[in-house]
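The values are calculated or read from the model by the stated rules, or taken from the named source; none is laboratory data. Keep in mind that what you see is a predicted model, and the values were worked out from it rather than measured. Note that each Cβ is placed from the backbone with ideal geometry, even for glycine, and that neighbours are counted across all protein chains shown. Surface areas here come from the heavy atoms of the whole protein model, side chains and all, with no ligands, DNA or RNA. Shrake-Rupley method; radii C 1.70, N 1.55, O 1.52, S 1.80 Å.
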Amino acid sequence: MKVTAPDESQSEPVSAAGVAGTTKGATPPGPRGHFLLGSLREVQHEPLKLLYDGFREHGDVVRFRFGATRAFFLAHPDHIRHVLHDNHRNYDKHNIDYAMLRRLLGNGLLTSDGAFWHRQRVAGFCGLMVDSTLEMLERWEALAQSGEPFDAAVEMARLTLTIVAKALFSADVSEDAETIGAALTEVNRQLGEFHLLDMLWMIPTPRKRRFRDAVRALDRVVDKIIDQRRRTTHRNEDLLSMLLDAVDEETSQTMTPRQVRDEVLTLLLAGHETTANALVWTWYLLSQNPEAADKLHHEVTSVLGERAPSGLELPRLPYTRMVVEESMRLYPPAWAVSRNAVGDDEIGGYRVPRKTNIIISSFITHRHPAFWEEPERFDPERFSPARSEGRPNFAYLPFGGGPRICIGNGFAMTETQLVVATVAQRYRLRLVPGHPVELHPLITLRPRNGMRMTLRPANDGSATESPARAAH
Ligand code: HEM
């Protein structure tokens, strides 16, 4: 889909946050939509535009109807905090968005409201992250010399997949990277694009066949990882052995093979696709903002010289961190989350009937003009401690918030910073002129046409490069 950059000359959205009480019990405003479908077609084809237009026209709480499903979209941090944190027990993750995802992931971490999810703890794996990046850079040498364009989206996905598989399961999946990539593209596309036909699960369609094949391909990779482990006598103290050995305290039973498979697949998917997108958007934004790129290269070379970074050095790379944070503000990889109201509630003075689907989009909240000055501008220093002061927590939520906040948060922040610093020590990534950069908001926020880029040495300054704002 195409998203027009917000027109700053437009009037600011109406803020409902401050009016709690004055509209007590009222129904929030929203588009009328099609008499039968409501806004179903728009949410299928241009979800970001639908939400953005709704926000600009109607304010912080917008009512939508998708067929028979009633949904409220929340843009204000206070309302988001209410749903994800203060009153989170009233909002579960079982709703239509996850119905199909659950079929893929079974009762995996990402979708279960059960007891599994908080067992997981992901530690830091800095050495592995840097080593995997250096291996990628070796492969890049030929690209740098030839100046040949490559797809940074593919490269980042391969890198983050390698890292998460090694870190969590001590598995080398480099041979399967392409299979996983293709299967994920299919799954992501189908889960992101809600189709009416999918409601009729009995009817086999080519779409469904492709989905099933993609799931099978992913299953095979996961089975391979688990089989290899079961056959080996060598003990690995990683998450996979934790999963295989985990004993339920109540039933004294270990996980079934199916449960292990669900957990492994969840982590493999949740743990790499998002991070890959965070990185690819970072390279894109740096290519369009040469001054910021200069500052980044200056920081990594002055702090690290030629030395590879270590996790301990991250606090000495504050600009690198701000670049990553600002990139995830503008292009949050997990651009929306949703919940289902279990019981009646009230938000911003509006009545929320039970069973209402709640939509929260970091993409929109990260552009809320009450919290972000010139929201479309790439300005990493807005994350400096001084400028962050007073900003509500839930105005920035790339990892969600409350008890269901991303469990890979720390892992992903460490990984993105280490990868950016390691690559930036050697290279600048330049967008191939004319490459059409477009947002593709599926489950994750991908660049629709990939990201064709070329490499230049890091010390080759940016003076000759003129930033071109890509239409997205
Ligand atoms: C830049 C990278 C990442 C982003 C932007 C991201 C974003 C998110 C978001 C927004 C949620 C909350 C979903 C919701 O509230 O419904 C989430 C949940 C989750 N993430 Fe991440 N994530 C990233 C990396 C990772 C990594 C590296 C892992 C694993 C190693 C991971 C594993 C998970 C899991 C298991 C959940 C589900 C937690 C639950 O439901 O309780 N994520 N992630």
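Here 296, 240 are screened, and the one residue that is farther than 23 Å from residue 405 by Cβ and within 15 Å of the ligand (Cβ to nearest atom) is 240.
Right, residue 66: touching a strand residue (DSSP E or B) at 6+ places or on another chain (Cβ under 9 Å), among the aromatic types (Phe, Trp, Tyr), at pLDDT below 95 and over 30 Å from residue 253 (Cα atoms) or not? Full working, then the answer.
Numbers: touching a strand residue (DSSP E or B) at 6+ places or on another chain (Cβ under 9 Å): yes; among the aromatic types (Phe, Trp, Tyr): yes; at pLDDT below 95: yes; over 30 Å from residue 253 (Cα atoms): yes.
So residue 66 fits the description; yes.
I'm trying to understand the selection: among the residues of region 282-312, which are closer than 27 Å to residue 172 by Cβ, at pLDDT 90 or above and either within 22 Å of the chain's Cα centre (by Cα) or not in a loop (DSSP other than H, G, I, E, B) (or both)? Don't jump to the end; show me each part of the working.
Of region 282-312, the ones closer than 27 Å to residue 172 by Cβ are 282-283, 307-312.
Narrowing further to those that are at pLDDT 90 or above: 282-283, 307-309.
Scanning region 282-312 gives 282, 283.
Note on region 38-76: residues that are among the polar types (S, T, N, Q) and open to solvent by less than 10 Å² (accessible area, probe 1.4 Å) amount to 1. Only residues that are more than 13 Å from the ligand (Cβ to nearest atom) and either open to solvent by less than 20 Å² (accessible area, probe 1.4 Å) or of a type in the set (Lys, Arg) (or both) were counted across region 156-175, and they come to 3.
Counting just the residues of region 438-460 that are farther than 24 Å from residue 297 by Cα and of a type in the set (A, V, I, L, M, F, W, C), which one comes out most open to solvent (accessible area, probe 1.4 Å)?
Selected residue: 443.
The condition (being of a type outside the set (Val, Ile, Thr) and either at pLDDT 80 or above or open to solvent by 80 Å² or more (accessible area, probe 1.4 Å) (or both)) is satisfied by just one residue among 223, 248, 262: 223.
Look at region 424-454 and say how many of its residues are farther than 24 Å from residue 363 by Cα, polar (S, T, N, Q) and outside any strand (DSSP E or B).
Residues of region 424-454 farther than 24 Å from residue 363 by Cα: 424-430, 432-434, 453-454.
Those left that are additionally polar (S, T, N, Q): 425, 454.
The next check asks that each one be outside any strand (DSSP E or B); those that pass are 425.
Of the residues in that region, 1 qualify.
Condition check for residue 278 on (1) in a helix (DSSP H, G or I); (2) at pLDDT below 95: one failure, at (2).
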